[in-house]
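Reading through the structure tokens given below for one structure.
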Amino acid sequence: MTSTTLDPSTVDSPTTAELDARNISAWFGGHKVLDRVSLRMPAGQVTALIGPSGCGKSTFLRILNRMHELVPGAELAGEVLLDGEDLYDPSRRITDARRHVGMVFQKPNPFPAMSIYDNVLAGLKLTAVRASRRTKDDLVEECLRKAGLWHEVQTRLRSPGGALSGGQQQRLCIARSLAVRPRVLLMDEPCSALDPTSTRRIEETIGELSTEVTIVIVTHNMQQAQRVSQHCAFFLAEQGTPGVIVEHGLTSAMFDTPQDRRTADYVHGRF
Ligand code: ADP
Ligand code: MG
């Protein structure tokens with residue numbers, strides 16, 4: 001792209017998109033870890049993925065933005081549709097898929113030596129979106145505001161990302177994901193390395209963001225799942241079998257009137 005301003009498609013208000021995973025199976029080195037998992041994650045809403053460790057939640061999340069294929073020995077079957085379009089279409093570049101479907105990890109991972117300002121913009125380079133200086137300033141402010149970090153860092157945008165507290169670093173990572181205007185944001189236990197105050201602030205941010213970006217969050221915290229999500233899927237891998245979704249639906253129904261005994265046991269902490 002030769003333009004010196006942001007690609008017009010990225011300047012428009014971001015539009016949320018529905019993600020539809022169909023019959024997803026996954027293997028590592030021939031060992032099956034997910035078995036025909038299907039889940040529709042509605043646009044502009046928050047879907048929580050819950051379940052014990054090792055049942056394939058992170059693997060499923062990585063499949064939703066094509067990170068799975070980067071793992072050596074990893075295989076995949078099934079389809080992922082982003083507003084009806086195949087994310088794995090051979091003509092679609094992996095960076096394109098990653099631009100539309102962003103990811104925030106459990107451990108905050110800003111570039112520690114890079115300034116806060118440059119951290120926010122780091123994803124633009126990877127996805128080849130170019131911006132003028134003025135647009136960049138606006139974009140940095142906008143993303144930091146949305147991530148709830150602007151007021152804390154506006155006077156020190158040139159400080160290194162690594163100088164921030166853990167909770168601030170995670171909010172910087174959220175700002176960085178937002179800069180490329182994703183349509184979906186995947187979050188893999190984004191608060192489990194954080195203190196309760198930082199956790200609360202990120203939960204507030206999730207609530208505010210969900211009107212403009214579809215969110216899929218993995219959490220082990222049942223209260224958090226209830227606070228932030230409208231939809232919920234319970235993953236389980238029983239006795240060496242690959243992970244499946246036992247039950248999914250509205251979060252309120254999953255917690256109040258679970259249909260499967262195993263869901264009831266899990267959400268009530270009897271696992
Ligand atoms: P969860 O996020 O629910 O804890 P994961 O998706 O991390 O589960 O793991 C699902 C299964 O896949 C586990 O048995 C795990 O050991 C295996 N697994 C995950 N990542 C890899 C990998 N890179 N190589 C081999 N096995 C893996
Ligand atoms: Mg995990």
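The values are calculated or read from the model by the stated rules, or taken from the named source; none is laboratory data. These figures come from a predicted structure and were not determined experimentally. Every residue, glycine among them, receives a Cβ derived from its backbone with ideal geometry; neighbour counts consider all protein chains shown.
Summary table
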{"read-out": "Residue in the range 54-68 that is among the aromatic types (Phe, Trp, Tyr), farther than 24 Å from Thr211 by Cβ and away from ligand 2 (no atom under 16 Å from the Cβ) present", "value": "no"}
{"read-out": "Residue that is modelled with pLDDT of 95 or more and touching an Asp or Glu at 6+ places or on another chain (Cβ under 9 Å), where the choices are Gly167, Gly249", "value": "Gly167"}
{"read-out": "Residue ID - surrounded by the fewest Cβ atoms within 10 Å (Cβ to Cβ), chosen from residues in the range 193-224 that are more than 14 Å from the chain's Cα centre (by Cα) and within 16 Å of ligand 1 (Cβ to nearest atom)", "value": "His220"}
{"read-out": "Pick from the range 16-31, criterion away from ligand 2 (no atom under 16 Å from the Cβ), farther than 16 Å from Glu85 by Cα and surrounded by 16 or more Cβ atoms within 10 Å (Cβ to Cβ), ranking: farthest from the chain's Cα centre (by Cα)", "value": "Trp27"}
{"read-out": "Tabulated pairs, the range 238-258, first under 16 Å from Ala21 (Cβ atoms) and touching a residue at least 12 places away in the same chain (Cβ under 8 Å), second among the small types (Gly, Ala, Ser) and surrounded by 12 or more Cβ atoms within 10 Å (Cβ to Cβ), C-beta under 6 angstrom, 6+ apart or interchain", "value": "Gly243/Gly56; Gly243/Ala237; Ile245/Ala233; His248/Ala233"}
{"read-out": "Filter result for Glu141 (of a type in the set (Asp, Glu), more than 13 Å from the chain's Cα centre (by Cα), in a helix (DSSP H, G or I) and within 30 Å of Arg40 (Cβ to Cβ))", "value": "no"}
{"read-out": "Index of the failed condition, Asp83 passing every other in (1) out of contact with any Asp or Glu (no Cβ under 7 Å at 6 or more places or on another chain); (2) at pLDDT below 95; (3) not polar (S, T, N, Q)", "value": "(1)"}
{"read-out": "Members of the range 199-258 that are among the hydroxyl-bearing types (Ser, Thr, Tyr) and closer than 17 Å to Ser58 by Cα", "value": "Thr219, Thr241"}
{"read-out": "Hits in the range 223-253 - residues which are acidic (Asp, Glu) and assigned to a strand (DSSP E or B)", "value": "Glu247"}
{"read-out": "Of residues in the range 64-74 being closer than 17 Å to His31 by Cβ and touching a helix residue (DSSP H, G or I) at 6+ places or on another chain (Cβ under 9 Å), the one nearest to ligand 1 (Cβ to nearest atom)", "value": "Val71"}
{"read-out": "In the range 74-130, the residues that are assigned to a helix (DSSP H, G or I), touching a strand residue (DSSP E or B) at 6+ places or on another chain (Cβ under 7 Å) and of a type in the set (Phe, Trp, Tyr)", "value": "none"}
{"read-out": "Residues within the range 90-107 that are under 25 Å from His220 (Cα atoms), β-branched (Val, Ile, Thr) and either touching a Lys or Arg at 6+ places or on another chain (Cβ under 6 Å) or within 16 Å of ligand 1 (Cβ to nearest atom) (or both), tallied", "value": "1"}
